[in-house]
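K.L.:
Handing you a structure now.
Read-outs throughout are calculated quantities, based only on the coordinates presented, and are distinct from any laboratory measurement. Because the structure is predicted, anything quoted here is derived from the model rather than measured. Cβ: placed from backbone, ideal geometry, glycine included. Neighbour counts: every protein chain shown.
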Amino acid sequence: MEWMVTAKEPGKTFLMQGNEAIVRGALEAGIRFAAAYPGSPSSEILTMLGHVAEEMDLHAEWSTNENCAFQACMGASMGKIRSLCVVKQNGLLTMGDALHTAALSGCWGGVVLLVADDPNAHSSTNEFDSRHQARAAGIPLLEPATFQEAKDMIVYAFELSEKLQQVVMVRSVTRICHGRGNVTLGELPSQPSQPKPIGEWDKLIAINWFHDLLWAKLDQAQAAFEDSSFNWYTGPEQPELLIITSGTGWLYSVEAVDTLKLDDRVGILKLGTTWPLPERLLLKYLEKSPRVLVVEEVDPFLEHNVASIIGHNPGLNIQLYGRHKKSALPQSFELNPDVVINALASVMNVTYQAPQTGEVPAEAVVTIPNRDLTFCAGCPHRASFFLLKQTLRIHEGNGVVMGDIGCYTMGGNRAGHFLLQSIGCMGAGINMGEGLGQLSRFGFGQPVVALAGDSTFFHSCLPGLVNARYHDSNMLFVILDNSATAMTGFQPHPGIPVNCMGKPANAVSIEKVVEGIGCPVAVADPYDIEATTQLVYDLIKKPGMKVLILRQPCATLAVRSKGRRKVWVDPELCRGDECGCGRFCSKTWGCPGNIWNYQTGKAQIDEVVCIGCGVCASLCPAGAIKVEGGQA
Amino acid sequence: MPGGMQLKTEVLATSACALCGACLDWCPYLKNIEDHLVLRFDCPVEHGRCYSVCPRTLTDWQAVNGRYMAGVPFDPDIGSFQAVYRVRRLQPINDQQDGGTVSTLLQTALAGKMVDGVLVTGSGDPLTPQPYLAHHEEEIRKAAGSRFLASPSLRKIIEAREKGIEKLAVVGRPCQVQALRKMDYNKPSDSPALDVLSIGLFCMWSLAWPFKDYLARTYPGLTFLRMAIPQHGVEVTTDEGIKQLSLETVQAYIRPGCRFCLDMTSELADISVGAFEPEAGWNTVIVRTERGRELLDKASAGDVLQIEEYPADELERLRRASHNKKVRGLKNIKQAVDEQKITPFVDLSSSPYQEIIAESSAKEGY
């Protein structure tokens, strides 16, 4: 949909995805630099910017990690051009120190940090609320509630950033990023801005002397927010209850008031500028209402800040409701209209009967089995987990496997035979492995294995690898190299020779990096389960720090370039449920391409999903699975 | 008959496994590397061949013996047999362990079309056992000489079936011969026929693979050429001469499963072959079945083997040695069963075992 984000049609309204609206906003603001590390729900933003980079004459990069991305934006800011950094909530924490120091030094060219949070952790390990970081670092925070705001706030955030010489955070959530709504376009700049020279005594230095300056910038932001068009009130002059809300909470609140027909009793104060809070504006409405309900995602951030204002204004006598201690809303997980309607009904003491859906006719009831998160058909990770699990079971003394973040995190489920025993943040695997591996000197005898994907390797494993090598931890570090940042949609990383703008890049060799650090490194094919099992077995018997790269391109990508080979089952040879099989391919190997034919009682290949990797053929004890052109 | 999960509980997860490899044949759930054999993934099959062929699951050994040794006089110490000889090749071959008899029997079986293939254990390395299927006489040469490390060579049976071999000669340890008989005894009706000629080896025990690491650690840089256990201890021949190891050193590496073994002479084999203790360069050969007799007769007809009467006092010594292994084995089994460490695979309450257990309680085991 790149044509929409670059359309020169100001005033025209399009149905846009939130991430598209954000991109459009950045282009209207005239950015010339954008950097990000992929992470749902924000990944589409930089992908789109990469696609339009040439047309819009800007630089876009998938940086090695969020720290690189943000500080690169700060560097571009020194050239007095505008730069956009895009991260998800976990990435924001990765760049925590960078953000806090940048807040002290301030910036020159506008720097907007777009953080996409993931309430309910639909595509994340956690639902961390990024807004805490804006307050902790002391930078202004904006929260779009609509798709139009998603665009408009980016433009405003750049203006504010340059006015304050401060980084501005815009916090989106999954429902904004991935939802769609009407967005009326603004003007694109006629000319790209040009970098300006930096004088000998121009410095961007983070030092604590500037702490007071940081507060002063916040005061300036607060003053601007008092009259912001992103904040508005709807409802009666003297409401019985005031809902204060931000982000997606606004639309849920509107729906709740409407559903319960409380528009003459309940008012809604919608805030787009949530740090620092526009205190005067808030006081104006707090003084009118004895009861306040705060509706927001995820933590009671706004609620606590409102409570702070109430606490600092002794004349107010307000009963506050919200997510704090579950006084009205759940403390964790994502809100939805039903949750908010029920909370409002309860606070207002009105009865609410959810609409009856009616009887579902028996023939319309479909029993859908529970489905695990699993690897795609042909995924090399399935083979890697299979061979690692069996090797550790064959080896005496159960191995301990540290997981990391990527598609292979799903290997902690049935798809990976529940192999993983730790899952933390990116880079946690090798560091935890390093620590546990040191215990061998105290007699800890179990092999220690840590996993990481290729993108994660570059993102956050390099210091850990140096540490493990330097201290010669007794461990095996396995890099699951599928030549893609597959989990988030195949974004390139430093190991890939083409960058996000489609231009050639200097791909970095993982094995050369590892060798350079001084670790013995082996490279093997996870599809060759027999040989690679033996290799892993030999490696875990060796003392010290070892590295193994299991390399096979992501099957979903490979099938696009290589095409697929036909795989089929010879029913005459298939042993089915009998001893010597017991549906080994579909039950134990578990590839979605291996299915069971209940009519014939034999295994079958789902030709729609099979990509023809042929690994199941190498595992079939009866040689019943055949591969076009012979086995891999 | 139970399946893989029970095999795991009763045999693989205890120390009872003899590492014969019979369970590995046919099964995708079982897997080994070196001497580690495990159920790599949970098996959903209720009744498994693995359990039915395992020499360490409860078996009516008297009935098995009755089926395959029908009409052959039973000896309580060395099993049913027709005759015992001392045998050697007239022209020794390279790498032969003692008299070169096993290699000669295999060559005879192939040349005389008694079998289409032979399953042996060998490799270029005299320590590492590597099972392989041989179809030609020349291929047998590289298997010459004893390997003291255990190898689950029966996993290759399936390969023999796949290659269309109908008549197969197998050289195996006593546990492997037991498994071969159980494979046939408990054969499912739908199983393809496989006619096995078994050449059983004499075996006191086999060694766990860390013994290799021990040798490499103790004699770094040396190449190991041969290993033998003459009367006075253990000899490892290297490129820098013979290294003597004490029996105690080596015995520390005996596989735990071997301590439960009651069979020194491969009592269920068609023909059994071992060392002839009093004089190097000779083998002891026990002819048990008619097929074993036929094989030895064919081998001797070509003037390749020298076959002599077995000294009576030596037969007594052989009986005693074999009997002592039963005494030790039963003592170990009873103790492990009493401590609930293993599930009995012999009926300890049957009369011959009861007598030996009574005898063993008076003796020291190793």
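K.L.:
Based on alpha-carbon centroids, what's the gap between the stretch B:339-361 and the stretch A:228-242 in Å, whole number please?
P.N.:
89
K.L.:
What list of ³J(HN,Hα) values in whole Hz, one per residue of the stretch B:7-21 in order, does the Karplus curve 6.51 cos²θ - 1.76 cosθ + 1.60 (θ = phi - 60°) give from phi, with Gly and Pro shown as x?
P.N.:
Result, ordered by residue: 4, 4, 5, 8, 10, 6, 7, 9, 9, 7, 4, 8, 6, 7, x Hz.
K.L.:
Taking the Cβ of each residue in A:560, A:551 as the centre, tally the other Cβ atoms inside 10 Å and list the residues starting with the fewest. Please list the in-between numbers first.
P.N.:
Values: A:560 12, A:551 19.
Starting with the residue having the fewest Cβ neighbours, the order is A:560, A:551.
K.L.:
Within 15 Å, Cβ to Cβ, of residue B:250, how many net charges do the neighbouring residues add up to if Lys/Arg are +1 and Asp/Glu are -1? Don't skip to the end; give the middle numbers.
P.N.:
Working: positive: B:147, B:212, B:217, B:226, B:243, B:255, B:259; negative: B:213, B:235, B:248.
Result for the local shell: +4.
K.L.:
Run the numbers on chain A and let me know its relative contact order in percent, using alpha-carbon pairs under 8 Å that are six or more apart.
P.N.:
Values: 1354 pairs, mean separation 66.9, N = 632.
Contact order relative to length: 11 percent.
K.L.:
Right, next: Taking a virtual spin label 7 Å from the Cα of residue B:47 along the C-beta vector, which residues in the stretch A:594-632 bring their backbone nitrogen under 14 Å of it?
P.N.:
none
K.L.:
If you count, for each residue, the other Cβ atoms within 10 Å and average over each peptide, how do A:23-29, B:231-237 line up from highest to lowest?
P.N.:
Values: A:23-29: 27.0, B:231-237: 14.0.
Ranked by mean Cβ neighbours within 10 Å, highest first: A:23-29, B:231-237.
K.L.:
For the pair residue B:111/residue B:338, report the inter-label distance in nm, with labels modelled 7 Å from Cα in the Cβ direction.
P.N.:
5.4
K.L.:
Here's another thing I want to ask about it. What ranking, highest mean first, results for peptides A:465-472, A:357-364 when packing means the other Cβ atoms within 10 Å averaged over each residue? Can you show the working numbers first?
P.N.:
Numbers: A:465-472: 17.4, A:357-364: 6.8.
Going by the mean number of other Cβ atoms within 10 Å, highest first, we get A:465-472, A:357-364.
K.L.:
Rank the residues A:70, A:490, B:345 as a footprinting-exposure proxy: fewest other Cβ atoms within 10 Å of their Cβ go first.
P.N.:
On the way: A:70 29, A:490 18, B:345 22.
By the 10 Å Cβ count, ascending, the order reads A:490, B:345, A:70.
K.L.:
Related question: 7 Å from Cα along Cα→Cβ at both residue A:261 and residue A:509: what's the point-to-point distance in nm?
P.N.:
Each label point lies 7 Å from its Cα, and together they span 7.5 nm.
K.L.:
Ranked from highest to lowest mean number of other Cβ atoms within 10 Å per residue, what is the order of the peptides B:299-305, A:417-423, A:434-440? List each step's numbers first, then the result.
P.N.:
Working: B:299-305: 16.0, A:417-423: 17.9, A:434-440: 19.9.
Packing order, densest peptide first, comes out as A:434-440, A:417-423, B:299-305.
K.L.:
Could you give the distance between the Cα centres of the stretch B:1-64 and the stretch A:470-537, to the whole Å?
P.N.:
Result: 38 Å between the Cα centres.
K.L.:
For a test of the definition: using alpha carbon positions, the gyration tensor, and the 1.5 limit on a/c, classify the stretch A:397-438 as rounded, prolate or oblate. All intermediate terms of the calculation are to be shown ahead of the outcome.
P.N.:
Numbers: a/c = 3.46, a/b = 1.27, b/c = 2.73.
The shape class here is oblate.
K.L.:
Moving to a separate point now. Which percentage, to the nearest 5, of the DSSP beta bridges contained in the stretch B:139-235 is antiparallel? All intermediate terms of the calculation are to be shown ahead of the outcome.
P.N.:
Working: 1 of 8 bridges.
Antiparallel bridges make up about 10 percent of those DSSP assigns within the stretch B:139-235.
K.L.:
How big is the antiparallel share of DSSP beta bridges in the stretch A:232-347, given as a percent to the nearest 5? Write down the numbers at each step before the final one.
P.N.:
Working: 3 of 17 bridges.
Beta bridges within the stretch A:232-347, antiparallel portion: roughly 20 percent.
K.L.:
Could you give P(r) for the stretch A:564-627, binned at 10 Å from zero, as whole percent values over all Cα-Cα pairs?
P.N.:
P(r) over the stretch A:564-627, rounded to whole percents: 25, 63, 12, 0.
K.L.:
Same structure again: Based only on Cα atoms, what mean projected area does the convex hull of the protein assembly as shown have, in nm²?
P.N.:
Here the figure is 52.1 nm², rounded to one decimal.
K.L.:
Counting only other chains, and only Cβ atoms inside 10 Å, what mean value do you get across the residues of A:616-625? Kindly include the intermediate steps, with their values, before the conclusion.
P.N.:
Working: counts 0, 0, 0, 1, 1, 6, 4, 1, 0, 0.
The mean count of partner-chain Cβ atoms within 10 Å per residue comes to 1.
K.L.:
Along the three principal axes, how long is the stretch A:469-615 when you take its alpha carbons, biggest first, rounded to the nearest angstrom?
P.N.:
Principal extents (largest minus smallest coordinate, Cα): 57, 44, 21 Å.
K.L.:
Would you tally the net charge around residue A:566, using a Cβ to Cβ cut-off of less than 10 Å, leaving residue A:566 out, and scoring K and R as +1, D and E as -1? Walk me through the numbers on the way to the answer.
P.N.:
Numbers: positive: A:564, A:565, A:626; negative: A:607, A:628.
Local charge sum for residue A:566: +1.
K.L.:
Another question about this same structure. Name the shape class, rounded, prolate or oblate, that the alpha-carbon gyration tensor gives for the stretch A:292-434, where a ≥ b ≥ c are the square roots of its eigenvalues, rounded holds for a/c under 1.5, and otherwise prolate holds if a/b is larger than b/c and oblate otherwise.
P.N.:
Oblate, because a/c is 1.5 or more while a/b does not exceed b/c.
K.L.:
At residue A:234 and residue A:9, where each label point lies 7 Å from the Cα along Cα→Cβ, what is the point-to-point distance in nanometres?
P.N.:
Label-label distance for residue A:234 and residue A:9, simple model: 2.7 nm.
K.L.:
Please give the average number of partner chain Cβ atoms lying within 10 Å of the Cβ of each residue in A:577-587, rounded to a whole number. Could you put the intermediate results ahead of the total?
P.N.:
Working: counts 3, 6, 16, 12, 7, 11, 2, 7, 1, 0, 4.
Going residue by residue through A:577-587 and averaging, the value is 6.
K.L.:
Using a Förster distance of 41 Å, how high is the FRET efficiency between residue A:202 and residue A:226, based on the Cβ-Cβ distance and rounded to 0.05? Present the calculation step by step, with values, prior to reporting the outcome.
P.N.:
Working: r = 32 Å, r/R0 = 0.78.
Once rounded, the FRET efficiency stands at 0.80.
K.L.:
Additional query: Please list, in order along the stretch A:170-176, the HN-Hα scalar couplings obtained from phi with the Karplus expression 6.51 cos²θ - 1.76 cosθ + 1.60 (θ = phi - 60°), rounded to whole Hz, x for Gly and Pro.
P.N.:
Working through the residues one at a time gives 10, 10, 9, 9, 3, 5, 7 Hz.
K.L.:
Taking 10 °C and 1.306 mPa s as the conditions, I'd like the Stokes-Einstein D for the stretch A:380-560 in µm²/s, using the Kirkwood hydrodynamic radius from alpha carbon pairs.
P.N.:
Values: Rh = 16.1 Å.
After rounding, the answer is 98 µm²/s.
K.L.:
Quote the FRET efficiency, to the nearest 0.05, computed for residue A:560 versus residue B:217 with a Förster distance R0 of 60 Å and r equal to the Cβ-Cβ distance. It would help to have the intermediate numbers written out before the result.
P.N.:
Numbers: r = 51 Å, r/R0 = 0.85.
Calculated transfer efficiency: 0.75.
K.L.:
Classify chain B as rounded, prolate or oblate from the Cα gyration tensor: take a ≥ b ≥ c as the square roots of its eigenvalues, call it rounded if a/c is under 1.5, otherwise prolate when a/b beats b/c and oblate if not.
P.N.:
Note, shape of chain B comes out rounded.
K.L.:
Among B:284, B:14, B:265, what is the fewest-to-most ranking by other Cβ atoms within 10 Å? Could the numbers behind the result be given before it?
P.N.:
Details: B:284 24, B:14 18, B:265 29.
Fewest-to-most ranking of B:284, B:14, B:265: B:14, B:284, B:265.
K.L.:
I want the antiparallel fraction of DSSP beta bridges within the protein assembly as shown, as a percent rounded to 5. List each step's numbers first, then the result.
P.N.:
Working: 53 of 122 bridges.
For the protein assembly as shown, the DSSP antiparallel bridge percentage is about 45.
K.L.:
Just to confirm the filter: which trypsin sites (Lys or Arg not before Pro) across the stretch B:35-139 are DSSP coil and have at most 12 other Cβ within 10 angstrom of their Cβ? Numbers along the way, then the final one.
P.N.:
Numbers: sites: B:40, B:49, B:56, B:67, B:86, B:88, B:89, B:113; in loops: B:40, B:56, B:113.
Those that pass, being in a loop and sparsely packed, are B:113.
K.L.:
Another question, if that's okay. From other protein chains only, count the Cβ atoms within 10 Å of every residue's Cβ in B:24-34, then give the mean.
P.N.:
Values: counts 0, 2, 7, 6, 12, 7, 0, 6, 1, 9, 5.
If you average over the peptide's residues, the count of other-chain Cβ atoms is 5.
K.L.:
On to the next question. Residue B:323 label point, 7 Å along Cα→Cβ, cut-off 13 Å on backbone N: hits in the stretch B:60-91?
P.N.:
B:75-79
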